[in-house]
Structures are given as structure tokens and as C-alpha cells.
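S.K.: Starting off with a structure, shown below.
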Amino acid sequence: MVILFQSKTDDPQQWRRAFAGALPEAELRIGAEAVQDPAEVDYAVAWKPPKGLLKQYPNLKAILSLGAGVDHLASDPDLPTHVPVVRLVDPGLTWGMTEYVVWAVLGHHRRTREYRQQQAQHRWARLEVPLGPSRRVGVMGLGELGADAARALKAMRFDVAGWSNRRKQIDGVESFAGQAEFGRFLARSEILVNLLPLTQATTGILNRQTLGELPKGACLVNAARGGHLVEADLLELLGTGQLAEATLDVFREEPLPAGHPFWDHPRITVTPHEAAITPAETAAATIAENIRKMERGEAPSPMVDFSQGY
Ligand code: NDP
Ligand code: OXD
């Protein structure tokens, strides 16, 4: 069995070692240039493959995303969709994202930025912080990552709600569903966390109007995709005080260009798309399990539903 491993950002040697343990029967070709005969490729494991690349393999049985998001695949007009396209749901990825969300939410809740400023001024002054149960946190997207983050925030005693297409049952987390309930969800979210997939329906969803419906002085955590956020609207709302602060891991252009106003904004924290890096040590086993299923004639999971875009 031949697997094409296509990624410009993941360490190929680390993945080679991880696959040697998880799927020793597979031969890994690192990058398209390592493939002699396109007909030999059975599976593609990919992160941001060049557009048009994957259609070149006539015997491809499936495409497995190296990330949870599949917008990097869905944006390829020539993506072969007659084979299963599989998202990555992996424990290591989920742990990383939940840590990031808890870190960012706690930072806003406990006023870390203001305390840093006070420290720089050698100023000893306590700032008011509400008790956890009085802090309303809203999570957009209650899928694999959003649901885990919501549970962790609930375990920290925050008042947590989530928003998704379909209603969810998560202990202690209020579930809002669909467009009809979006406004009520926003109106209660003092700290808004975005973990939606990037689709036609969600592009630009964090904008002047929606962020304007948050309580005044709300904070934003965007760990999903840069395309969700209308960047100029965020700057405007930080300027008016409608938003107090933002923690951003993802951007319309990555790496964030050197002259971008987010870098020096005193109320924006920038991280370099690192909220949840796909860890080879857990994800190779997850991907191997899906490949084994397909070799047994079973369906992999979860498969991308292209009618929804995620
Ligand atoms: P899932 O597909 O498991 O979950 C997506 C959630 O979003 C679901 O709850 C879904 O609702 C909801 N949703 C989708 N479209 C809409 C819509 N139009 N309106 C309301 N709700 C909607 O994805 P994951 O949790 O695995 O990943 C989420 C995203 O996180 C990824 O797509 C990726 O962009 C981002 N990500 C970022 C990383 C980083 O390092 N910054 C790392 C990993 C992922 P329903 O459940 O009803 O279908
Ligand atoms: C992902 C990512 O989608 O790393 O997994 O952004």
C-alpha cells in the first residue's frame, strides 16, 4: 500500500517514524516528487496540497486531511470527490485546542493584559473579576473541538453556551441552534470563542453586525479560521470599546504580514496558528485506523459532507 504524505508544514521524518509504528505495511511517499508512478498511490494524507494535485492519482481510494478543518481541500475545484474525504478527529488535536481555549478565556476573564500593564507601571491595584458562574462564555461550533472546549470551560464553572447547526446535549451547556437562535446566543456571550469550520455559510461571520450584538466590552477568541473574521470590523469595534480585547490564532493571510495592524495593537494577542497542531504521535494512529477500516471494506469516519462544506 502506498501513501502520499503531502504537507509543507509538518515534519516528514517525524511522520515517517509515526507511520512506521502505526501502519508498518504502508510505503510512505513524502511529497508528490517522491511518487514515480501516479497509479501506485492508494491514499493521500494531506495538508494544503497544491490545487489540482490530488486529481492526478487515478487509483486513489481516499483523501485523509491532516487537519480538523477541510477548507484547504474543499477550496480545490479539482478535488476528487468520488472517493471518501476524511476529516481528522484526533485526541491530541482536541487536547491542544481545549488548552488554547481555556488559556485564552482565562486570560480575558482574569484581566491578564491589564495586570501586565500595571506591572510595567509598578502599580499594585486589584481589578474586579466576576466569579466564574457569572461569566458568560459562548462557543460557536459545538463539534469535536467546540464540545470538548465547552465541557472544559463548564468544568471551570463558567456559564457556558454553544451555537451549532443542530441542537446539542452537553451537560450544563446551553445549546443554541441555527440562524433563528444566533442573536440570543450572541447577546449573552461576554467572551466569544469561534470554533466553526470555514464554509460558504460561515465566511465573514465575525463582523460589525454580529460582534455588535455581543454585550459591550466583550472579548473575542478566534481559533478557527481567519476567513471567519472581517478584520477591519474588529479594529473598528475595538476602537469604539464595543469589544475590549481579542485573542487571534488564525488570519486571512498567514503568516500574518509584517506590517499588519494586529501585530502592534495593544488589545490584540496574536498566536501563529498554533492552537492545535496535529501531533504525529496520536494522529498517525488515528489515520492508520481509518485506512485499515477502508482496507476491510468499512467506511472511514468522519467523512466530509460537501453539501454542508464540513
Ligand atoms: P466539526 O465539524 O466537528 O464541528 C463543527 C461545528 O460547527 C459543528 O457543531 C457544526 O454544527 C457547527 N457549524 C458548522 N456550520 C455552522 C453554521 N453555519 N451555523 C452554526 N453552526 C455551524 O469541526 P471541529 O470541531 O473538528 O473543528 C472546527 C474548526 O476548528 C475546524 O474546521 C478548523 O477550521 C478549526 N481548527 C483550528 C485549529 C487551529 O490550530 N487554530 C486546529 C484545528 C481546527 P453541527 O454539529 O450541528 O453540524
Ligand atoms: C486544523 C488546523 O484544521 O490545524 O487542524 O488548523
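S.K.: Take the residues in the stretch 233-255 that are within 14 Å of ligand 1 (Cβ to nearest atom) and surrounded by fewer than 19 Cβ atoms within 10 Å (Cβ to Cβ), then tell me which one is farthest from residue 92 (Cα to Cα).
M.R.: So, considering only residues that are within 14 Å of ligand 1 (Cβ to nearest atom) and surrounded by fewer than 19 Cβ atoms within 10 Å (Cβ to Cβ), the one farthest from residue 92 (Cα to Cα) is 252.
S.K.: Determine whether residue 258 is out of contact with any strand residue (DSSP E or B) (no Cβ under 7 Å at 6 or more places or on another chain), modelled with pLDDT of 95 or more and assigned by TED's automatic domain parsing to the domain that holds residue 75. Explain how you work it out, then say what you get.
M.R.: On the way: out of contact with any strand residue (DSSP E or B) (no Cβ under 7 Å at 6 or more places or on another chain): yes; modelled with pLDDT of 95 or more: yes; assigned by TED's automatic domain parsing to the domain that holds residue 75: no.
Considered against the rule, which asks whether it is out of contact with any strand residue (DSSP E or B) (no Cβ under 7 Å at 6 or more places or on another chain), modelled with pLDDT of 95 or more and assigned by TED's automatic domain parsing to the domain that holds residue 75, residue 258 comes out as no.
S.K.: I need the full set of residues from the stretch 263-307 which are farther than 24 Å from residue 24 by Cα, among the β-branched types (Val, Ile, Thr) and within 15 Å of ligand 1 (Cβ to nearest atom), in order please.
M.R.: Passing the criteria: 269, 270, 271, 304.
S.K.: Taking the options 172, 162, name whichever one is in the same structural domain as residue 108 (by TED's automatic domain parsing), touching a helix residue (DSSP H, G or I) at 6+ places or on another chain (Cβ under 6 Å), on the phi > 0 side of the Ramachandran plot and modelled with pLDDT of 95 or more.
M.R.: Working: 162 fails: on the phi > 0 side of the Ramachandran plot.
Just one listed residue meets the conditions, 172.
S.K.: With the structure loaded, tell me whether residue 113 is touching a residue at least 60 places away in the same chain (Cβ under 8 Å), touching a helix residue (DSSP H, G or I) at 6+ places or on another chain (Cβ under 8 Å) and among the basic types (Lys, Arg) or whether it fails that test.
M.R.: Values: touching a residue at least 60 places away in the same chain (Cβ under 8 Å): yes; touching a helix residue (DSSP H, G or I) at 6+ places or on another chain (Cβ under 8 Å): yes; among the basic types (Lys, Arg): yes.
Yes: the conditions hold for residue 113.
S.K.: Would you confirm, using the coordinates I've provided, whether residue 129 is assigned to a loop (DSSP other than H, G, I, E, B), in contact with a helix residue (DSSP H, G or I) (Cβ under 7 Å, 6 or more places away or on another chain) and closer than 25 Å to residue 306 by Cα? Please lay out each step first, then the result.
M.R.: Working: assigned to a loop (DSSP other than H, G, I, E, B): yes; in contact with a helix residue (DSSP H, G or I) (Cβ under 7 Å, 6 or more places away or on another chain): yes; closer than 25 Å to residue 306 by Cα: no.
When the stated conditions are applied, residue 129 does not pass them.
S.K.: Among the residues that make up the stretch 51-66, is at least one of them open to solvent by 50 Å² or more (accessible area, probe 1.4 Å) and either within 16 Å of ligand 2 (Cβ to nearest atom) or among the aliphatic types (A, V, I, L, M) (or both)? It would help to see each step written out before you state the result.
M.R.: So in the stretch 51-66, the residues open to solvent by 50 Å² or more (accessible area, probe 1.4 Å) come out as 51, 55-56, 58-59, 61.
Subset that is either within 16 Å of ligand 2 (Cβ to nearest atom) or among the aliphatic types (A, V, I, L, M) (or both): none.
Within the stretch 51-66 (the criterion being open to solvent by 50 Å² or more (accessible area, probe 1.4 Å) and either within 16 Å of ligand 2 (Cβ to nearest atom) or among the aliphatic types (A, V, I, L, M) (or both)), the answer is no, since none of the residues qualifies.
S.K.: Which of the residues belonging to the stretch 259-310 are open to solvent by less than 60 Å² (accessible area, probe 1.4 Å), part of a helix (DSSP H, G or I) and over 17 Å from residue 65 (Cα atoms)?
M.R.: The one that is open to solvent by less than 60 Å² (accessible area, probe 1.4 Å), part of a helix (DSSP H, G or I) and over 17 Å from residue 65 (Cα atoms): 262.
S.K.: Considering 141, 178, 162, which residue is closer than 30 Å to residue 44 by Cβ, open to solvent by less than 40 Å² (accessible area, probe 1.4 Å) and within 14 Å of ligand 1 (Cβ to nearest atom)? Before the answer, list the steps.
M.R.: Details: 178 fails: closer than 30 Å to residue 44 by Cβ; 162 fails: closer than 30 Å to residue 44 by Cβ.
Of the residues listed, the single one that is closer than 30 Å to residue 44 by Cβ, open to solvent by less than 40 Å² (accessible area, probe 1.4 Å) and within 14 Å of ligand 1 (Cβ to nearest atom) is 141.
S.K.: Still on this structure, please answer the following. How many residues does the stretch 198-232 hold that are aliphatic (A, V, I, L, M), away from ligand 2 (no atom under 15 Å from the Cβ) and part of a loop (DSSP other than H, G, I, E, B)? Steps first, please.
M.R.: First, the residues of the stretch 198-232 that are aliphatic (A, V, I, L, M): 198, 201, 205-206, 211, 214, 218, 220-221, 223-224, 229-230, 232.
Then drop every residue that is not away from ligand 2 (no atom under 15 Å from the Cβ), which leaves 201, 205-206, 211, 214, 218, 220, 230, 232.
Retained after the next criterion (residues that are part of a loop (DSSP other than H, G, I, E, B)): 201, 205, 214, 230.
The total comes to 4.
S.K.: Tally the residues that are within 11 Å of ligand 1 (Cβ to nearest atom) and crowded, with 20+ Cβ neighbours inside 10 Å, restricting the search to the stretch 75-93.
M.R.: 4
The values are calculated or read from the model by the stated rules, or taken from the named source; none is laboratory data. Keep in mind the model is a prediction, meaning the values are calculated, not measured. Glycine gets a Cβ as well: all are built from the backbone with ideal geometry, and neighbour counts include every protein chain shown. Accessible surface areas use protein heavy atoms only, side chains included; no ligands, DNA or RNA. Shrake-Rupley method; radii C 1.70, N 1.55, O 1.52, S 1.80 Å.
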